[in-house]
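Data first, discussion second: the structure below is written as structure tokens.
Every read-out reported here was derived from the displayed coordinates using simple, explicitly stated rules and does not represent laboratory data. Everything numeric in this text was worked out from a predicted model, so none of it was measured.
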Amino acid sequence: MQATLPSSSETRTQDQSTKRTSSSGRLAGLVMIAIGVAAWWYNWHLASTAGEFYIKLCLLGPLGVFGGILVLLRPDWVGPVRSDSTRGHKFALIAVIGLMAIASGIDFYLLVHHRSPRSSVTVTPWSPKLGTPPIAAVSAMAATPAIAFQAQTYCLGSFNQQRTAMWEFVPADENINDWKTLLTIIDRPDARTREELDRLAEGIMSVYQSQGARILLARTMREESGAVFNYLVAAFDEPDKQRFELDFVKVELGAKNAAVVVYGVRVTDPKDYRTKAKDFLDMNSHQVGRALGELAVPDVSKLPRRVF
């Protein structure tokens, strides 16, 4: 009995099918590599700008790159190991898993210990070069500090101590009684541990909500130094004044105890203040969060404690 050989047309059809499968596999490999590189880039971008990153992306990046390279070189090895898989197929899959694990571990370690230059945040004595003091008591301002934040110089405008010590800073050309942006530092000696810091952040959020504010964001973030802080964004709708007051709040542990930093912004527009506030958040919230994350809080023991 003679064996029947495949015809030339059948052979060409099989070859074309194999080529299509190979081309689709290589295309999938390129897509996987692109996704892996994009995941790696986004994770590092997020760590550099927001001080946080996603552990899942530490896995997805190397998996996409090494898995994509394997699929690109050998599209016929796509899929799990089977009983009829060759030794090379099995070895290649094990190598990809090993490389992914090593690369993910290195990436995670570098992200945790990532350092980028901190923005310049200084506390300096008041001088005439900083502009006109925002309060009438010029003699009191002569010895008060100033803080550089988001390319502006904020001068101490008031201090009060009811339950906790609180310092309010305004730009040199603004008045504490009618401010547009306000930087507030609150000393919280009642919180000295991470657990107490979390409870403090939850209490601050509850106070905002009880006063009618909407909490737009609440999360735990990491500074470039590795220190963890709580961050939230609250919004007060004030329709009678045609404005939104937006508070960007950072709650962190200092050398001795916790401190709260609040960056307040009043967004006003007699025509449509809600749209203007939304546009402000879309364009500036990420930048403000980053600036607060990089802000080194002054040593409150060296700040003046005169009520004015």
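Evaluate the stretch 249-308: find the radius of gyration of its Cα atoms, find its Kirkwood radius, and give the ratio Rg to Rh.
Answer for the stretch 249-308: 1.11.
Amide H of residue 243: which non-local residues (sequence gap of 5 or more, or other chain) have their own amide H closer than 5 Å, using H built in the peptide plane?
Amide H neighbours of residue 243: 238.
Please compute the contact order of the stretch 194-308 in relative form: average sequence separation of alpha-carbon pairs under 8 Å and at least six residues apart, divided by the residue count, as a percent.
On the way: 155 pairs, mean separation 20.5, N = 115.
Across the stretch 194-308, relative contact order equals 18 percent.
Please list, ordered by chain and number, the residues whose modelled amide H lies under 5 Å from the amide H of residue 223; skip anything fewer than 5 residues away on the same chain.
For residue 223, whose amide H was placed from the backbone, the distant partners under 5 Å are 228, 229.
What is the set of long-range amide H partners of residue 158 at a cut-off below 5 Å, with H atoms built 1.01 Å from backbone N?
168
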